[in-house]
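Quick notes on the structure that follows.
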Amino acid sequence: MERYDPKAIEPKWQKTWLENGCFRAGDESGKERFYALIEFPYPSGVGLHIGHPRPYTGMDVLARARRMQGYNVLFPIGWDAFGLPAENYAIKNNIHPAEVVRHNVEHFRGQIRRLGYSFDDAREVNTTDPDYYKWTQWIFLKMVEHGLAYKADVPVNWCPSCKCVLANEEVVGGLCERCEAPAEHRDKSQWMLKITQYAQRLLDDLDLCEFPARVAAQQRNWIGRSEGAEILFAIAGTDESLRVYTTRPDTLFGATYMVISPEHPLIGRLESRIQNLAEVDGYRKAAARKSDFERTELVKDKTGVRLDGITAVNPATGNDIPIYVSDYVLMSYGTGAIMAVPGHDTRDWEFARAFGLPIVEVVAGGDISKEAFTDTETGTMVNSGFLNGMEVAEAKKTIAKWLQGKGLGEPKVRYKLRDWVFARQRYWGEPIPIIHCPQCGMVPLPEDQLPLKLPEVQNYKPTDTGESPLAAIGEWVNTTCPQCGGAARRETDTMPQWAGSSWYFLRYADPHNQNELASKEALRRWMPVDWYNGGMEHTTLHLLYSRFWHKFLYDIGVAEQPEPYIKRTSHGFILGSDGTKISKSKNNGMDPDVIMREYGADTLRLTILFIGDFEKGCQWSEKAIKGCRRFLERVWAVKPGASAVDEVKLHQTVKKVTEDIEGLKFNTAIAAMMSLLSVMEKGCSQFDMNVFLRLLSPFAPHISEEMWARQGEKGLCCEAAWPQYDPAKTVEDTVELAVQVNGKLRGTVTVARGCENDTAAAAALGTERVKAIAEGREPVKVIVVPDKLVNLIFKG
RNA sequence: GCGGACAUGGUGGAAUUGGCAGACACGCUGGUCUUAGGAGCCAGUGCGCAAGCAUCCGGGUUCGAAUCCCGGUGUCCGCACCA
């Protein structure tokens, strides 16, 4: 018999699928649509890595199954090709980034084809294609028009290794998300996107999204909504005041001092009154030198300096209270100043202890000599004038009214989310289409001049000065103002890599449109994305950013729905065979190409899905490959004959595989097929085989196609109709009941399905084992779960 | 500190969501075929000689708990001096 040889059959079918356009989404189709989306890859030089095949294979199974179920499926792929790695590789090897991308994309395309993925080859998008980034720039200009994109002098995170600024979301634990260099502080004039304007909607509309709990929770956490009040504290003897934000206005009577951040502008304004200015300046300079990493991770002991010569007035008590500068207060959150209530805030308590400041109890219920009492559920107000005796919740309302009445404060909602730093000082990104004119100021490039293409240059190395390499390209930078026609300069920063990916799912609907980012009809046909699978690492980056962009596009009438994705799932990470992150140096991982060469794409696809629950993390193991390859070889060897498999088994398997695909339970779907196969090996009909191949087809499409053809079936297996099951035929006529005595399993008994409880109980009582235990006694209680079990309770 | 997830044989992992724990696979053991096998096929495989005991530990609810509740331990992930 001919051996199973994937090398001989896989390329053949990949070619057939491509030539027949099997996976092209139909714009004219009358079928119900299904839009399945994976996160498009960054085409790096090393090709597909371990992270890609798992989500792609999983979603490919879903897409293939849905096609067979009669849906018009859009399952596209593209290339998120701007960004630092291509640029760095280009610099190192002296090749233009565009050339690097072209080469890498070709490599990726080949690998993806060899894996048998059913991506629509006619809808590829590439973020670095001017026909694509024209629309990225267009969206940016619309944001400028609507006041959502603005340039501001703000303290930003600077990565000294990547030599560009980082968004808040790109700093992880004080380190650059990409290269893990400690981020530094720089003050720079920056393009920003006002994502904060959408904070509440991004939060509220999570209810419209079918996100996994962990994804929704993480976004909520990142948006970080809190309710409190802003309160004004007068500076004694001046017209100045200090505005603070607090979530505990109820504890105002306990505010015994104030703290401002080292960057707070009050210090500059009251310089002349500060008696220890040298000391204060010294502290500020030391704080400025620290990176975020040092400020938050390493230094937990409270430090600070009192501003001698100025005091604030507690508006509730009328007392003069000292003001400190300390780096535990951040300029980037709230107002950069706090009222310190050491009795009821852990950080303030620590600071007060270190500096010998009074700690006053205003909420009874704890022991503030030992630690701050921060509970808001159980406390009663004390030492708080007109608030005394109230519970915390009531005190909050009362003090808010009182403050508003006196014009000293107002309720305020705050978010941790900050505006998105949207400029990078690098070459390989979308140019920001803005012109700086000495007469007219910042002028948006007119839409008819889009795309603003990147210039061809010799040198695109980043600089240490914080200037983009584009700044050195005179003939590109120097231009004329679209408004006054005078000499002007182009913006030289480029957009971050997250720009192109913030709307790419819309472009798939209509990828070749020259007049719009996508036509209304196409967007109506395909959006929103039905099912989007992607990595957890993008939860507070791409996933949040793209929701924001889509909401904006919805507001200006481009998008049709408030949310871009109906359902989001997230695959678990594959760890190395040693349980740690896969890396080349540790040699604990897998190279898709190597495995494909040795075992074939179908085996790799099965292995990746069989290894564990798709949505949970799992460990890679060479051992798993063998079992899957063995399975396919056994499939190959089955020869249909006269006898047929048990109808119930067949229908059960169809049901199980159908349902498991919907739930992304690919591992148990494969197990069910393995189980059916072992029955088929004992004898099966041509029809059994036909059903089996259709079930297997989304998982192992090549072998299914080959055997389908060899069986003489008509058409392509991947275009055959999905097998149907008859629910009535998924169950046997008889059932085996578990027989328990006093809750313990004592045997089984076979009865007719759906039989009366009395009949089941009688059958259970009639078993030898039960008779022996009963010794003639009658059970005091009988519990029957129909078709499941009988539990007999005996006394004693 | 806040938020999320998780803990099942030698291993990866199943368990219709409160109803026969360990599906499926790896590994292992024995057999068989073979000049040979790190190939194939067949059988066995949670622990225990047994009665029994078993889903991280301790309580609880229930006729019945891997599953629900309370307490504890441990692991992973996200955020974090966020006022």
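The values are calculated or read from the model by the stated rules, or taken from the named source; none is laboratory data. Just so you know, these numbers come straight off a predicted model, no measurement behind them. Cβ atoms come from the backbone with ideal geometry, glycine included; neighbour counts cover every protein chain shown. Ligands, DNA and RNA are stripped out before the accessible areas are found, and what is left, the full protein with its side chains, is counted by its heavy atoms. Shrake-Rupley method; radii C 1.70, N 1.55, O 1.52, S 1.80 Å.
Of note:
- Annotation: per residue accessible area for the stretch A:417-574 equals 35 Å², rounded to a whole number [probe 1.4 Å, protein chains only].
- Global size of the stretch A:716-787: 18.4, 66 Å for Rg and Dmax (C-alpha atoms, Rg to one decimal, Dmax whole).
- C-alpha long axis of helix A:666-680 to longest principal axis of chain A, angle in °: 10 degrees
- Each 5 Å bin from zero holds the following percent of Cα-Cα pairs in the stretch A:508-554: 5, 18, 21, 26, 18, 10, 3.
- A Cβ-based charge dipole, computed about the Cα centre of the stretch A:655-725 with Lys and Arg at +1 and Asp and Glu at -1, lands at about 140 debye.
- Lys/Arg +1, Asp/Glu -1 at C-beta; the stretch A:23-170 dipole; positive extreme among A:TRP138, A:PRO43, A:LEU166: A:PRO43
- 0 to 90° range, to nearest 10: angle between helix A:346-355 axis and chain A longest Cα axis: 40 degrees
- Over chain A: helical MRE at 222 nm, DSSP H runs n ≥ 4 each giving -39500 (n - 2.57), nearest 500: -10000 deg cm²/dmol
- Once the Cα-Cα distance is subtracted from the 0.36 nm per residue extended length, the A:LYS639 to A:GLU521 segment shows a gain of 37.5 nm.
- Among A:314-326, A:69-81, the peptide with the highest mean count of other Cβ atoms within 10 Å heads the list, and the full ranking is A:69-81, A:314-326.
- The Cβ shell under 12 Å around A:LYS142 holds other residues with a net charge of -3, Lys and Arg each +1, Asp and Glu each -1.
- Using the average count of surrounding beta-carbon atoms within 10 Å as a protection proxy, the listed peptides A:495-502, A:278-285, A:565-572 rank, highest first, as A:495-502, A:565-572, A:278-285.
- For chain A, with +1 on Lys and Arg beta carbons and -1 on Asp and Glu, the positive-most of A:LEU208, A:GLN14, A:VAL638 along the dipole: A:VAL638
- Both numbers refer to the Cα atoms of the stretch A:431-513; Rg and Dmax are 14.8, 42 Å.
- Per residue, the stretch A:300-365 exposes an accessible area of 39 Å² to a 1.4 Å probe, with every protein chain left in place.
- Note on A:SER546: accessible area approximately 0 square angstrom, rounded to 10, probe 1.4 Å, nucleic acids and ligands left out.
- Our note on the geometry: Cα centres of the stretch A:1-47 and the stretch A:346-395, 65 Å apart.
- Using a Förster distance of 45 Å, the FRET efficiency for A:THR346-A:VAL46 (Cβ separation, nearest 0.05): 0.45
- Prolate/oblate/rounded call for the stretch A:376-420, Cα gyration tensor, a/c under 1.5 rounded: oblate
- Computed E for A:GLN458/A:SER621 - FRET, C-beta separation, R0 45 angstrom, nearest 0.05: 0.40
- Normalising the average separation of contacting C-alpha pairs (under 8 angstrom, six or more residues apart) by the number of residues puts the relative contact order of chain A at 14 percent.
- Positive-pole candidate from A:CYS755, A:GLN219, A:TRP420, dipole of chain A, charges at beta carbon: A:CYS755
- Heavy-atom accessible surface of chain A: percent carbon and sulfur, 1.4 Å: 49 percent
- Dipole magnitude for chain A: about 1260 debye, using +1 per Lys or Arg Cβ and -1 per Asp or Glu Cβ, origin at the Cα centre.
- Contact order for the stretch A:203-322, expressed relative to its length and based on alpha carbon pairs under 8 Å spaced 6+ residues apart, stands at 28 percent.
- Under the simplified labelling scheme, the A:SER678-A:ASP613 pair shows an inter-label distance of 2.4 nm, with each label point 7 Å from Cα along Cα→Cβ.
- Inter-label distance for A:ASN513 and A:PHE794, nm, one decimal - labels placed 7 Å from Cα along Cα-to-Cβ: 7.6 nm
- Packing order of peptides A:53-61, A:162-170, A:646-654, highest average first: A:53-61, A:162-170, A:646-654 (average count of other Cβ atoms within 10 Å over each peptide's residues).
- Sum of side-chain charges, A:VAL741 neighbourhood, beta-carbon under 14 Å (Lys, Arg +1; Asp, Glu -1): +4
- For the stretch A:389-450, the Stokes-Einstein estimate of translational diffusion at 10 °C and a viscosity of 1.306 mPa s comes to 92 µm²/s, using the Kirkwood hydrodynamic radius over alpha-carbon pairs.
- Per-pair calculated FRET efficiency, R0 = 35 Å: A:ALA286 and A:GLU467 via Cβ, rounded to 0.05: 0.80
- With respect to chain A, whose longest principal axis is taken over its alpha-carbon atoms, helix A:84-93 is tilted by about 90°.
- For A:MET258, the residues whose modelled amide H falls within less than 5 Å of its own, excluding neighbours fewer than 5 places apart on the same chain, are A:ILE323, A:TYR324, A:ALA340.
- Diffusion coefficient of chain A by Stokes-Einstein, Kirkwood radius over Cα pairs, 10 °C, 1.306 mPa s: 51 µm²/s.
- Antiparallel DSSP beta bridges within chain A, as percent of all bridges there, nearest 5: 75 percent
- Nearest-20 debye value, the stretch A:63-106 charge dipole, Cβ charges on Lys, Arg, Asp, Glu: 340 debye
- Derived from the Cα gyration tensor, the three semi-axes of the equivalent ellipsoid of the stretch A:59-101 are 38, 8, 7 Å, largest first.
- Relative contact order (%) - the stretch A:97-178, alpha-carbon pairs under 8 angstrom, separation at least six: 11 percent
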